[in-house]
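A short write-up of the structure that comes next.
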Amino acid sequence: MTTSPHHLAQARAADSERRRARVLKALDQLAVNDEEITVSAVARAARVHRSFIHRHSDLHAAVLARAGEPPPGATTGTQASRRSLLADVANLTARNGRLTAHITRLERRLSEALGQAAWEASGLGAPADVDTLTRRVEELEQQILDLRAELAERDDDLAAARTANRELMAQINTPHVG
């Protein structure tokens, strides 16, 4: 038995039509049963591959249009569409990421502030009024130099007084001949 290319093309077209009919029937059935309508759900119900629906733009458009419709019996304006809910999820996920980054920055700043406060409270950190303390240190160093100079002067005076005292004692203790 030989099959001509014409017969193969007819068989392929018939198979494609049967699959298209199953997709449309599955789409209607999912809508009636108020089940979630996605390309994957329709393909699974119709027993076809998802790529079959994607390759046929009219079937793909029908699935997307039906997915965007409110469920049967729903009042207009009270139901959110799947697309709207997905957009909300995406926006909330992005906001969550921004808030997480903001919290991380605030935690880092708080940690630095608490660390600085602990460092200063321990006495290990530099005091806030460094300039005032630096001037006071310079004043005290100058006072020390002045006191050392005064002490050296007094040491010289004391040494001179001791020398004079020794000389006087030597004179007093020397016998006079006379």
With θ set to phi - 60°, apply the Karplus curve 6.51 cos²θ - 1.76 cosθ + 1.60 along the stretch 28-41 and write out the HN-Hα couplings as whole Hz, x wherever there is a Gly or Pro. 5, 5, 4, 5, 5, 7, 6, 9, 5, 10, 9, 4, 5, 5
Where nothing but the Cβ of Lys and Arg (+1) and of Asp and Glu (-1) is charged, how large is the charge dipole of the chain around its Cα centre, in debye to the nearest 20? 2720 debye
Residue with peak Gaussian network fluctuation, the chain [Cα springs, cutoff 10 Å], from 118, 41, 11: 11
Simple label model, 7 Å out from Cα along Cβ direction - residue 118 to residue 28, nm: 7.2 nm
Helical mean residue ellipticity (222 nm; -39500 (n - 2.57) per DSSP H run of 4+; nearest 500) of the chain: -27000 deg cm²/dmol
State, to one decimal in nm, how far the label point of residue 6 lies from the label point of residue 150, with both points 7 Å from Cα in the Cβ direction. 13.1 nm
Could you rank the peptides 16-25, 139-148 by their average count of other C-beta atoms within 10 Å per residue, with the highest value first? 16-25, 139-148
Between residue 40 and residue 164, with labels modelled 7 Å along Cα→Cβ, what's the label distance in nm to one decimal, could you check? 11.2 nm
Hull surface over four for the Cα convex hull of the stretch 92-178, reported in nm², is 9.5 nm²
FRET efficiency for residue 173 and residue 134 from the Cβ-Cβ distance with R0 = 45 Å, rounded to 0.05, comes out at 0.20
What would the Debye formula give as log10 I(q)/I(0) at q = 0.23, 0.32, 0.35 Å⁻¹ for the alpha-carbon point model of the stretch 11-51, no solvent? -0.68, -1.06, -1.17
Collect residues whose amide H, placed 1.01 Å from N in the peptide plane, falls under 5 Å from the amide H of residue 38; neighbours closer than 5 in sequence don't count. none
Full extension between residue 108 and residue 142 adds, at 0.36 nm per residue less the Cα distance, a length in nm of 7.8 nm
At 1.002 mPa s and 20 °C, plugging the Kirkwood radius over alpha-carbon pairs of the chain into Stokes-Einstein gives what diffusion coefficient in µm²/s? 79 µm²/s
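The numbers here are math on the coordinates, done by the rules we state, and not lab data. Computed from a predicted structure; not experimentally measured. Note: ideal-geometry Cβ built from the backbone for every residue, glycine included; neighbour counts use all protein chains shown.
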